[in-house]
Amino acid sequence: MDTGLTTAALAPPPARAGAVGLQVRDLRVVYDGFAAVDGVSFDVAPGESFGIVGESGSGKSTVLRAICGLAPRSAGQVQLIGATALPEPGSKAYRRQVQMVFQDPYGSLHPRQTVDRILAEPLAIHGVGQRDERESRIERALDDVGLGASFRFRYPHQLSGGQRQRIAVARALILQPQLLLLDEPTSALDASVQAEVLNLLEALRARHGLSFLMVSHDLAVVTHLCQRLMVMQRGRAVETLHSADLAARRVQADYTRSLMAAAAGFQRKAAPAV
C-alpha cells in the first residue's frame, strides 16, 4: 500500500535557545529475568527527530516507556541535554519536559471526558495557571493541532481517528514540553490521515523547537519524519544511521536489509507527502 510519504531525510532545524535533547547510556530493562532492552545507548540532539525501528518485540516501545517512567530501568542512565539546570528523570519537572503520544488515539483518551477536560487535566495535575490561563492554553493547543475551539466540548467517540490523535498531540503539548516521545503515533490511522498527522508533527517540531523520539515498525514513516534512526532487534541496537542512508540503501546490518525487504511500501518511490 502506498503510504503517500516521502523517504527524503529532513535536516534538523537550528536548535533554539534552551532547546533540549536526550542522552541514553547502557539502558537495560529486565522483566522476570528477560532483558526486553539490553544495553542500548543513543543521543537525540536538541531540535532533532530521532527514530527507533524494529519488528514487534524488538524492545523499541519499552525504551520509550523507560524514558518516561512507565517501565522500570534495571540499569543505565537517561538524562536531558542541551541546557543548564535540567530536571532529573522521574521528577515532576522532568515529566513536564517529556511528554508521550501513544499508539491508540482512542484508548489513550478517557471516553467519558470532553476534550476540554482531557486537555485541562495535565494543567491541573502540574498546577499550571489559573482558570483564564488554562482556558487560553487549551484554545492555543487546539489551534496548534488544526482543530479549534469548536472541538472543546466533544467526546472522543464524536471524533474521527485523525482528530483523536490530534487531541492526543494537543494534550502532550499543553504543558509546553521540550521532548515528545511518539509511540507508533500513526499506525492506527489510514494512509492519507497518517501523512496529515506526520506533517502536522513536523510543523509543530519546527514551530516550537521540539525534539522527537519516535518508534515505529514502518520504515517509510520513520524516514519521513526523522533525520536519524536506530534499528533494534531482540532488545539490542543493531545499527544507527541517517535516514538518507536508509533511503539510499546504504546499510550495514543484514537485519536492517530484511526490514527493508519486508516493507513493501518502502520498495517503491513514494508519492509526495500531502
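The stretch 210-274 holds helices (runs of 4 or more DSSP H) entirely within its bounds, and those carrying 2 or more residues that are modelled with pLDDT of 85 or more and over 11 Å from Gly51 (Cα atoms) map to 243-247, 254-262. Out of Ser150, Ser192, which single residue is hydroxyl-bearing (Ser, Thr, Tyr) and free of Cβ contacts under 8 Å to residues at least 60 places away in the same chain? From the options Ser150, Ser192, the qualifying one is Ser150. Taking the condition farther than 12 Å from Gln23 by Cα, more than 15 Å from the chain's Cα centre (by Cα) and without any contact (Cβ under 8 Å) to a residue 60 or more places away in the chain, does Ala35 pass? So Ala35 does not fit the description; no. Quick one: in the stretch 16-67, which of the residues that are in a loop (DSSP other than H, G, I, E, B) and of a type in the set (S, T, N, Q) is surrounded by the most Cβ atoms within 10 Å (Cβ to Cβ)? Taking the candidates together, the pick is Ser58.
Let's see how each residue does on (1) closer than 23 Å to Leu181 by Cα; (2) in contact (Cβ under 8 Å) with a residue 60 or more places away in the chain; (3) in contact with a helix residue (DSSP H, G or I) (Cβ under 7 Å, 6 or more places away or on another chain):
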| position | (1), (2), (3) |
| --- | --- |
| Gly107 | yes, no, no |
| Arg112 | no, no, no |
| Ile118 | yes, no, yes |
| Leu142 | yes, no, yes |
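If you check Gly161, Gly107, Gly129, Gly148, which single one turns out to be of a type outside the set (Ser, Thr, Tyr), under 25 Å from Leu198 (Cα atoms), touching a Leu at 6+ places or on another chain (Cβ under 8 Å) and loosely packed, with under 14 Cβ neighbours inside 10 Å?
Within the list Gly161, Gly107, Gly129, Gly148, the selection yields Gly148.
In the list Val30, Val101, which residue meets the criterion of being at pLDDT 85 or above, within 17 Å of Glu202 (Cα to Cα) and among the β-branched types (Val, Ile, Thr)? Criteria check complete, one pass: Val101. Within the stretch 157-168, the set of residues being modelled with pLDDT of 95 or more and either in contact with an Asp or Glu (Cβ under 8 Å, 6 or more places away or on another chain) or closer than 9 Å to Val115 by Cα (or both) comprises Ile167 only.
The values are calculated or read from the model by the stated rules, or taken from the named source; none is laboratory data. None of these values were measured; they are calculated from a predicted model. Virtual Cβ from ideal backbone geometry, glycine too; neighbours counted across all protein chains shown.
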